[in-house]
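A.B. asks: This is the structure I have questions about; it appears just below.
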Amino acid sequence: MADVLSVGVNLEAFAQAISAIQALRSSVSRVFDCLKDGMRNKETLEGREKAFIAHFQDNLHSVNRDLNELERLSNLVGKPSENHPLHNSGLLSLDPVQDKTPLYSQLLQAYKWSNKLQYHAGLASGLLNQQSLKRSANQMGVSAKRRPKAQPTTLVLPPQYVDDVISRIDRMFPEMTIHLSRPNGTSAMLLVTLGKVLKVIVVMRSLFIDRTIVKGYNENVYTEDGKLDIWSKSNYQVFQKVTDHATTALLHYQLPQMPDVVVRSFMTWLRSYIKLFQAPCQRCGKFLQDGLPPTWRDFRTLEAFHDTCRQ
């Protein structure tokens, strides 16, 4: 970049021009110092006036001399040729109205910035290549070609094992009934009925819970063809809130090595809604807030909170 920008520039004259600029600034500073000090060091008024005028004229002559020298050197410096590969966009530099359309200067600045980015990226790449990460990555790539890719164990569990886990969970909670069906092959779908409070449709993929929909106890959970309706939401806002909280619970209870523990923990949390309309909020002590009961259940203590009180 420095070599490209220095083409067509007289560097010696450029250095002398910088010195001339410094001399011109000093001369101008002396002029203002003279004006600031005024007429001094003379006993008579006439003598002070003559001394001030003479000193002021000398300073002005110095400014004029330094300015002429700077103009002479500026003609010797030359104009830098910015031969950046901007192709036809370089014609934008011919636009006489730079204040209104500074597109060329912005393109030039972007080009310089991209060059710096490429330079620093090259340095970073060189440093990373010196580390042992590259060797480890290559070894992993070679070993991956030699052996088949292992499938996630949570997706290949036999249906009999899934049935056994769901059956044990069903026996754990007497107030909760779980009906298991497989309308689309091996993937299980659960219809969980919690007392006379609510019903939950749980869509599973092996022992991984994929989706939950909470509806009221008296709401229809089937489509016209007799299948579980896994898409439509509840008609009541309270159960829509519980559906959102259940989705959050699915993200909280994550243990891929022990999927049965995840399902059991989620069902334990879901069972805490048996007193959805009976338990007061543990923060404000009220049963209703904005017309809704406490719909949030703490993941650890299973205590009831309003959606705004849990913050």
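A.B. asks: Which of the residues that make up the stretch 269-304 are closer than 30 Å to residue 165 by Cα, open to solvent by less than 50 Å² (accessible area, probe 1.4 Å) and outside any loop (DSSP other than H, G, I, E, B)?
C.D. replies: Hits for the stretch 269-304 are 269, 270, 272, 273, 296, 297, 304.
A.B. asks: Can you name the residue in the stretch 210-235 that is under 42 Å from the mean Cα position of the chain (by Cα) and of a type in the set (Gly, Ala, Ser) and, of all such residues, is farthest from residue 276 (Cα to Cα)?
C.D. replies: Among those residues, the one meeting the criterion is 232.
A.B. asks: Return the residues of the stretch 22-49 that are open to solvent by 80 Å² or more (accessible area, probe 1.4 Å) and modelled with pLDDT of 85 or more; say none if nothing qualifies.
C.D. replies: Within the stretch 22-49, 22, 25, 30, 32 qualify.
A.B. asks: For residues that are open to solvent by 60 Å² or more (accessible area, probe 1.4 Å) and touching a residue at least 24 places away in the same chain (Cβ under 8 Å), scanning just the stretch 242-258, find the one that is farthest from residue 293 (Cα to Cα).
C.D. replies: By that ranking, first place goes to 256.
A.B. asks: Give the residues of the stretch 183-223 that are open to solvent by 10 Å² or more (accessible area, probe 1.4 Å), within 20 Å of residue 235 (Cβ to Cβ) and either touching a Cys at 6+ places or on another chain (Cβ under 8 Å) or not in a strand (DSSP E or B) (or both), sorted by residue number.
C.D. replies: 195, 196, 197, 217, 218, 219, 220, 223 - these are the residues of the stretch 183-223 that are open to solvent by 10 Å² or more (accessible area, probe 1.4 Å), within 20 Å of residue 235 (Cβ to Cβ) and either touching a Cys at 6+ places or on another chain (Cβ under 8 Å) or not in a strand (DSSP E or B) (or both).
A.B. asks: Next question, about the same structure. Just checking, which of 91, 128 is closer than 30 Å to residue 10 by Cα, open to solvent by 100 Å² or more (accessible area, probe 1.4 Å), among the hydrophobic types (A, V, I, L, M, F, W, C) and modelled with pLDDT under 85?
C.D. replies: 91
A.B. asks: Would you confirm whether any residue within the stretch 234-254 is in contact with a Gly (Cβ under 6 Å, 6 or more places away or on another chain), not in a loop (DSSP other than H, G, I, E, B) and not charged (D, E, K, R)?
C.D. replies: Within the stretch 234-254, one or more residues are in contact with a Gly (Cβ under 6 Å, 6 or more places away or on another chain), not in a loop (DSSP other than H, G, I, E, B) and not charged (D, E, K, R).
A.B. asks: Further question on the same structure: Being closer than 22 Å to residue 305 by Cβ and either assigned by the TED database to the domain that holds residue 201 or open to solvent by less than 70 Å² (accessible area, probe 1.4 Å) (or both) is the requirement here; does residue 228 meet it?
C.D. replies: Against the criterion (closer than 22 Å to residue 305 by Cβ and either assigned by the TED database to the domain that holds residue 201 or open to solvent by less than 70 Å² (accessible area, probe 1.4 Å) (or both)), residue 228 does not qualify.
Yes or no, residue by residue, for (1) closer than 18 Å to residue 30 by Cα; (2) loosely packed, with under 12 Cβ neighbours inside 10 Å; (3) modelled with pLDDT under 80; (4) not basic (Lys, Arg):
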{"site": "51", "(1), (2), (3), (4)": "yes, no, no, yes"}
{"site": "72", "(1), (2), (3), (4)": "no, no, no, no"}
{"site": "75", "(1), (2), (3), (4)": "no, yes, no, yes"}
{"site": "87", "(1), (2), (3), (4)": "no, yes, yes, yes"}
{"site": "100", "(1), (2), (3), (4)": "no, yes, yes, no"}
{"site": "104", "(1), (2), (3), (4)": "no, no, yes, yes"}
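The values are calculated or read from the model by the stated rules, or taken from the named source; none is laboratory data. These numbers were taken from a predicted model, which means no experiment stands behind them. As a convention, Cβ positions derive from the backbone with ideal geometry for all residues, glycine included, and neighbour counts pool all protein chains shown. The accessibility values were calculated without ligands, DNA or RNA, using every heavy atom of the protein model including side chains. Shrake-Rupley method; radii C 1.70, N 1.55, O 1.52, S 1.80 Å.
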